[in-house]
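**Q** Pasting a structure below so you can have a look.
The values are calculated or read from the model by the stated rules, or taken from the named source; none is laboratory data. Not measured: the values here are computed from a predicted model. Cβ placement follows ideal geometry from the backbone for every residue including glycine, while neighbour counts extend to all protein chains displayed.
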Amino acid sequence: MKIEKIVHEKLDEFYYKINHDSGLTIYVMPKPGYASSYAVFGTKYGSIDTCFRLEGEEEFTTVPEGIAHFLEHKLFESEELDAFQLYAQTGANANAYTSFDRTCYIFACTGDFKGSLKILLDFVQSPYFTQKTVAKEQGIIGQEIKMTQDNPGWALLFNLLECLYHNHPVKIEIAGTVDSIAKIDADLLYKCYNTFYSLSNMTLCVAGNVSVDDVLEIADAQLKKSEPKVIERTFPEEPDEIVCDYKEVSLPVSSPLFMLGFKEKMDSTERSLKERIAAKVLMEILCGDSSELYKELFNENLINTTFSFEYFNGFGHSACFFEGESNDPKKVRDRIIEGVRKLRENGIDEKEFIRVKKALYGAMVMEYNDVDDLANSLAEAHFDNIGFFDDFKVIEELTVEDVKAVLDYALKPEYCALSVISPKE
Amino acid sequence: MNNFQIKNIADGVRLFTCQTSRFKTNKISIVLALPLNENASANAILPYILTRSCKDYPDFTQLNRCLADLYNATVIRGVQKAGDSQLLHLGLSFIDDRFALEENESISANAAKLLLQMLFEPKFKDGEFTQEDLDLEKRLLIETIRSELNDKRIYAAKRCLEIMFKDDAYSINTLGKISEVENLTFDDIFAAWKNALQTATIQINIIGNCNIEKIEDEIKDYFSSIDRKPVKPETVFSSDVEKMSEHREKMNLNQSKLVIGLRTGMKNQTDDLAAFQVTNALFGGIPTSLLFSHVREELSLCYYCSSQLQRGKGVMFVQSGIEEKHYEIAKTEILKQLDVLCNNEFSDETFDAAKKAICDSLGGVYDTPSSINSWYITQVLSDEILKPEVLSENIRNVTREDVCRVAKTIVPDTVYLLEGEAETDEN
């Protein structure tokens, strides 16, 4: 077992990275003076992993859409007490989430940390699926799907993804559909579990009122050593072009909602940390709340305070997204495209660049208050294969040239699509 | 570790401070509590207007640039309902001077100065507010009010509350009313600002590593020139229910949203608080609660079914997303679980779990500036401040009999269904 201590002097923070004998990578970030601890036990397995095989297997397995999320629900159950009933004995507040590329099981507690950690490690490593329990969950998740269908923001996002991607599974709804989850059975759940829930594909991240000794005491006793597995994922080829540039549906909303996306051509499978941070800086300079464009859009009544943007990227996809409420979404799109053209023409203002860098650094520092943010970000950094403090180094060293480099491949008007939810008459 | 102080610094103005170096940020937060009444619209616009510009930074672009230069100092702005009062929030959160990239940069002092200027020296103080400024703010507030329709769970809860508290101040939208906002004039806003500074019950929280004494002096300075005549908003607590009423409205939705409003019998916001909180957790506040385990896990009727206690008015709301055809069975099952509480038929495990879950969460109040802030700022109207450790002790002392006793005073008042018209029969 190898334990490494990583320190950030200026930030006055440190964490331990532990290569545990079981094959699991564990991160521990003690926060002196805190009463809470927060744990994340996660696997690099999400809604996009619909076709895969283990090294040595002949055939690829294709599974129903939404199965990663379904599996997350079902792991909470066992033959006897379910995980919520066990956590009820320690008082911890437990939950789980499934995203495009990961599934995480979490708890927060201020009392019995070791007892809660034992429950977490135990139930995630103890699958129990039967036809009866699968059927019960189909009713509950069916209602969860219907709830998200009534969420206009969710519809906005997935309509945009459908406009942008021909084949990439990021366009699939994370929870699947009522039809797709009807195809899930216990055998398929075991197949996915045995592929993706191997400790070499997982991480445990803990932050707060914790020590390495406490974590290892429980980890040593609970973790079932497993041989590393090599997972092969296959994604259908994705053309550079978008599918269509506009999609509008009507829902009961007060005024039109829009989401605008600029798909990017990918030369590698994933964007580097530097590229991602440079893209954020670029978007901030283009239309952040101190920019001229933001001011114009605001004063011309084209956007309101709900306007925001995000660099949306993952395995095999990346794009710049802008969203908000507007009575004229097409005009907002045209103005953003015009803003990008001007930025290309006039170049990036050095003063703006410095201001945005400073603000981004401040936002990074702010994230070190909450133990839940920290534990979740540790897991994210692990799955991205980067050091937890790397983003500070990148932002400090970032140059205008780095941002210009992103502008070369990002924000291309020919790869832009607009998703609109309009009010129902 | 936590160096707390609570003191009065002007008539009806309380200062809460927590000097600590364990956070990366400082937070200064101000709340002005006013009665929820016909002035709601003019009051509601204030936190937004006040934080979008000020004397030194007369438009939002200049102000936002200043905030970015202060390393992404983040504005807190908003309105909240607490019983029959309207809370106006404004504040700033910013990284501590220790983390500035250059020597001797004074983030805290500049941020504090900026925040106080926002509240006490708005652009309109000297008449420099333009028609465009006013129109912009009115548009933004109206759009916020209208967008309450977008989240159907929140919308359904709001409709249930409006029906249940028809003719009661509690039904007034804390963001104001569209027709009133449309008619707001510059004079209305100026008057609302003057009135808030003079009559609101005010609390200011300062949490972090900054020079608290210096900021306190600056605040006192501003208040010394204001002729304070504080008025404390009062809330009516009523437990009268003639007969439970049922209401339906239709909307184009995939799932129907069920809301049940109950009157708890609380006589004020601290009346038997610990017993009511345990009862609420046991009923529908935790994942092993009666509602979760019966309505979701046993009957598989829904994804969520939970209850929430609003102590400020002594009411409780149950919410669930269901199929319309399951309306009767879901409603009956939810009300049946209330009987389980009254009849002392719940398990010891669930009872202990409810207490443990609340105490565990109370133990974490001091772990983020936001949770410290919201714990203390929402007590602006309480004469005696309740500390989380005291409530925790009270929770531990709650008995099964306490739960039965308070459960018997909880009466269902209004059942509301936002009926989905687009529901398909797939299950």
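**Q** Which residue out of A:106, A:145, A:119 is at the interface with chain B (Cβ under 10 Å from one of its Cβ atoms) and in contact (Cβ under 8 Å) with a residue 24 or more places away in the chain? Break it down stepwise before answering.
**A** On the way: A:106 fails: at the interface with chain B (Cβ under 10 Å from one of its Cβ atoms); A:119 fails: at the interface with chain B (Cβ under 10 Å from one of its Cβ atoms).
Every option except A:145 fails the conditions.
**Q** Identify the residue in the stretch A:60-83 that is within 25 Å of the chain's Cα centre (by Cα) and without any contact (Cβ under 8 Å) to a residue 40 or more places away in the chain and, among all such residues, is farthest from residue A:174 (Cα to Cα).
**A** Within the stretch A:60-83, the match that is farthest from residue A:174 (Cα to Cα) is A:62.
**Q** Name the residue that is nearest to residue B:309 (Cα to Cα), counting only residues in the stretch B:235-271 that are basic (Lys, Arg) and surrounded by 13 or more Cβ atoms within 10 Å (Cβ to Cβ). Walk me through how you get there before you give the answer.
**A** Here is the first cut: in the stretch B:235-271, the ones basic (Lys, Arg) are B:243, B:248, B:250, B:257, B:263, B:267.
Narrowing the set further to residues that are surrounded by 13 or more Cβ atoms within 10 Å (Cβ to Cβ) leaves B:257, B:263, B:267.
Values: B:257: 19, B:263: 10, B:267: 14 Å.
Here the answer is B:263.
**Q** Restricting to the stretch A:122-136, give me the number of residues that are more than 8 Å from chain B (Cβ to nearest Cβ) and outside any loop (DSSP other than H, G, I, E, B). Give the derivation first.
**A** Restricting attention to the stretch A:122-136, the residues satisfying the condition of being more than 8 Å from chain B (Cβ to nearest Cβ) are A:122-135.
Then drop every residue that is not outside any loop (DSSP other than H, G, I, E, B), which leaves A:122-124, A:131-135.
Qualifying residue count for the region: 8.
**Q** So is residue B:81 closer than 26 Å to residue A:304 by Cβ, crowded, with 19+ Cβ neighbours inside 10 Å and among the basic types (Lys, Arg) or not?
**A** Working: closer than 26 Å to residue A:304 by Cβ: yes; crowded, with 19+ Cβ neighbours inside 10 Å: yes; among the basic types (Lys, Arg): yes.
Taking the combined requirement at face value, the residue satisfies it.
**Q** Another one. Residue pairs, Cβ under 8 Å, 6 or more apart or interchain, first in the stretch A:250-267 and facing another protein chain (nearest Cβ under 8 Å), second among the basic types (Lys, Arg) and surrounded by fewer than 19 Cβ atoms within 10 Å (Cβ to Cβ). List them.
**A** A:251/A:424; A:252/A:424; A:253/A:424; A:254/B:146; A:255/B:146
**Q** What residue, among those in the stretch B:286-325 that are part of a loop (DSSP other than H, G, I, E, B) and small (Gly, Ala, Ser), is nearest to the other protein chains (Cβ to nearest Cβ)?
**A** Here is the first cut: in the stretch B:286-325, the ones part of a loop (DSSP other than H, G, I, E, B) are B:286-289, B:299-304, B:311-314, B:323.
Add one more test, that the residue is small (Gly, Ala, Ser), and what stays is B:289, B:300, B:312, B:314.
On the way: B:289: 10, B:300: 4, B:312: 23, B:314: 26 Å.
In this case the residue turns out to be B:300.
**Q** Still on this structure, I have one more. Regarding the stretch B:419-426, can at least one residue be identified that is within 30 Å of residue B:258 (Cα to Cα), more than 10 Å from every other protein chain (Cβ to nearest Cβ), part of a loop (DSSP other than H, G, I, E, B) and within 19 Å of the chain's Cα centre (by Cα)?
**A** no
**Q** Any residue at all in the stretch B:227-234 that's in contact (Cβ under 8 Å) with a residue 40 or more places away in the chain, touching an Asp or Glu at 6+ places or on another chain (Cβ under 8 Å) and buried (at least 16 other Cβ atoms within 10 Å of the Cβ)?
**A** yes
**Q** Could you check residue A:325 against (1) within 14 Å of chain B (Cβ to nearest Cβ); (2) of a type in the set (Asp, Glu); (3) surrounded by fewer than 22 Cβ atoms within 10 Å (Cβ to Cβ) and say which number it fails?
**A** (3)
**Q** Tell me yes or no: at least one residue of the stretch B:115-134 is farther than 19 Å from residue B:63 by Cα, in a helix (DSSP H, G or I) and at the interface with chain A (Cβ under 10 Å from one of its Cβ atoms).
**A** Checked the stretch B:115-134: no residue is farther than 19 Å from residue B:63 by Cα, in a helix (DSSP H, G or I) and at the interface with chain A (Cβ under 10 Å from one of its Cβ atoms).
**Q** Further question: Only one residue in B:332, B:350 is β-branched (Val, Ile, Thr), free of Cβ contacts under 8 Å to residues at least 60 places away in the same chain and part of a helix (DSSP H, G or I). Which one? Even if it seems obvious, please write down each step before you answer.
**A** Details: B:350 fails: free of Cβ contacts under 8 Å to residues at least 60 places away in the same chain.
One residue alone meets the criteria, B:332.
**Q** Mind checking which residues of the stretch A:1-29 are within 14 Å of chain B (Cβ to nearest Cβ) and under 14 Å from residue A:204 (Cα atoms)?
**A** Answer for the stretch A:1-29, where residues must be within 14 Å of chain B (Cβ to nearest Cβ) and under 14 Å from residue A:204 (Cα atoms): just A:29.
Yes/no matrix, rows are residues, columns are (1) of a type in the set (S, T, N, Q); (2) assigned by TED's automatic domain parsing to the domain that holds residue B:127; (3) under 20 Å from residue B:203 (Cβ atoms); (4) without any contact (Cβ under 8 Å) to a residue 12 or more places away in the chain:
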| site | (1), (2), (3), (4) |
| --- | --- |
| B:41 | yes, yes, no, no |
| B:50 | no, yes, yes, no |
| B:56 | no, yes, no, no |
| B:61 | yes, yes, no, yes |
| B:73 | no, yes, no, no |
| B:102 | no, yes, no, yes |
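**Q** For residue A:184, work out the one condition from (1) crowded, with 18+ Cβ neighbours inside 10 Å; (2) part of a loop (DSSP other than H, G, I, E, B); (3) within 14 Å of chain B (Cβ to nearest Cβ) it doesn't fulfil.
**A** Status for residue A:184: all satisfied but (3).
**Q** Could you say whether any residue in the stretch B:383-401 is touching a Cys at 6+ places or on another chain (Cβ under 8 Å), of a type outside the set (Lys, Arg) and assigned by TED's automatic domain parsing to the domain that holds residue B:278? Let's see the steps before the verdict.
**A** Going residue by residue through the stretch B:383-401, those that are touching a Cys at 6+ places or on another chain (Cβ under 8 Å) are B:392, B:395-396.
Checking which are of a type outside the set (Lys, Arg) leaves us with B:392, B:395.
Among the residues that remain, those that are also assigned by TED's automatic domain parsing to the domain that holds residue B:278 are: B:392, B:395.
Yes - at least one qualifying residue is present in the stretch B:383-401.
**Q** Return the pairs, sorted by first residue and then second, in which the second residue is surrounded by fewer than 16 Cβ atoms within 10 Å (Cβ to Cβ), the first residue lies in the stretch A:290-309 and is in the same structural domain as residue A:358 (by TED's automatic domain parsing), the beta carbons are less than 7 Å apart, and the residues are 6+ apart or on different chains.
**A** Final answer for the pair search is A:301/B:139; A:302/A:328; A:302/A:331.
**Q** Starting from the stretch A:84-99, keep only residues that are facing chain B (nearest Cβ under 9 Å), then list their pairs with residues that are surrounded by fewer than 21 Cβ atoms within 10 Å (Cβ to Cβ) and charged (D, E, K, R) whose Cβ atoms are within a distance under 7 Å, requiring at least 6 positions of separation or different chains.
**A** A:88/B:349; A:90/A:112; A:91/A:112
**Q** Of all the residues that make up the stretch B:20-32, how many are assigned to a strand (DSSP E or B) and within 13 Å of chain A (Cβ to nearest Cβ)? Reasoning before the result, please.
**A** Going through the stretch B:20-32, the residues assigned to a strand (DSSP E or B) turn out to be B:25-32.
Still in the list and also within 13 Å of chain A (Cβ to nearest Cβ): B:25-27.
Number satisfying all stated conditions: 3.
**Q** Here is a list: A:316, A:347. Which entry is crowded, with 19+ Cβ neighbours inside 10 Å and out of contact with any Leu (no Cβ under 9 Å at 6 or more places or on another chain)?
**A** Testing whether each residue is crowded, with 19+ Cβ neighbours inside 10 Å and out of contact with any Leu (no Cβ under 9 Å at 6 or more places or on another chain) leaves just A:316.
**Q** Quick one: count up the residues across the stretch A:148-161 that are facing another protein chain (nearest Cβ under 7 Å) and either modelled with pLDDT of 90 or more or part of a helix (DSSP H, G or I) (or both).
**A** Applying the first criterion (facing another protein chain (nearest Cβ under 7 Å)) to the stretch A:148-161 yields A:149-150, A:152.
Checking the rest, the ones that are also either modelled with pLDDT of 90 or more or part of a helix (DSSP H, G or I) (or both) come to A:149, A:152.
Counting residues in the stretch A:148-161 that are facing another protein chain (nearest Cβ under 7 Å) and either modelled with pLDDT of 90 or more or part of a helix (DSSP H, G or I) (or both) gives 2.
**Q** Given (1) in a helix (DSSP H, G or I); (2) over 17 Å from the mean Cα position of the chain (by Cα); (3) more than 9 Å from chain B (Cβ to nearest Cβ), identify the lone condition not met by residue A:298.
**A** Of the numbered conditions (1) in a helix (DSSP H, G or I); (2) over 17 Å from the mean Cα position of the chain (by Cα); (3) more than 9 Å from chain B (Cβ to nearest Cβ), the odd one out for residue A:298 is (3).
**Q** Those residues that are among the polar types (S, T, N, Q), under 19 Å from the mean Cα position of the chain (by Cα) and surrounded by fewer than 21 Cβ atoms within 10 Å (Cβ to Cβ), I need them from the stretch B:272-316; list them, please.
**A** Taking the stretch B:272-316 as the starting set, the residues that turn out to be among the polar types (S, T, N, Q) are B:277, B:279-280, B:288-289, B:293, B:300, B:306-308, B:310.
Cutting the leftovers down to under 19 Å from the mean Cα position of the chain (by Cα) gives us B:277, B:280, B:306-308, B:310.
B:306, B:308, B:310 - these are the residues of the stretch B:272-316 that are among the polar types (S, T, N, Q), under 19 Å from the mean Cα position of the chain (by Cα) and surrounded by fewer than 21 Cβ atoms within 10 Å (Cβ to Cβ).
**Q** Report yes if some residue within the stretch A:16-35 is without any contact (Cβ under 8 Å) to a residue 40 or more places away in the chain and in a strand (DSSP E or B); otherwise report no. I'd like the intermediate steps shown before the answer.
**A** Kept after step one, since they are without any contact (Cβ under 8 Å) to a residue 40 or more places away in the chain, are these residues of the stretch A:16-35: A:17, A:19, A:32-33.
Remaining after also requiring in a strand (DSSP E or B): A:17, A:19.
So far as the stretch A:16-35 goes, yes, one or more of its residues are without any contact (Cβ under 8 Å) to a residue 40 or more places away in the chain and in a strand (DSSP E or B).
**Q** Something else: For the stretch B:89-130, name all the residues that are at pLDDT below 90 and hydrophobic (A, V, I, L, M, F, W, C).
**A** Hits for the stretch B:89-130 are B:124, B:129.
**Q** Same structure, new question: Looking at this structure, is residue B:144 assigned by TED's automatic domain parsing to the domain that holds residue B:69 and part of a loop (DSSP other than H, G, I, E, B)?
**A** Values: assigned by TED's automatic domain parsing to the domain that holds residue B:69: yes; part of a loop (DSSP other than H, G, I, E, B): no.
For residue B:144, the condition - assigned by TED's automatic domain parsing to the domain that holds residue B:69 and part of a loop (DSSP other than H, G, I, E, B) - is not met.
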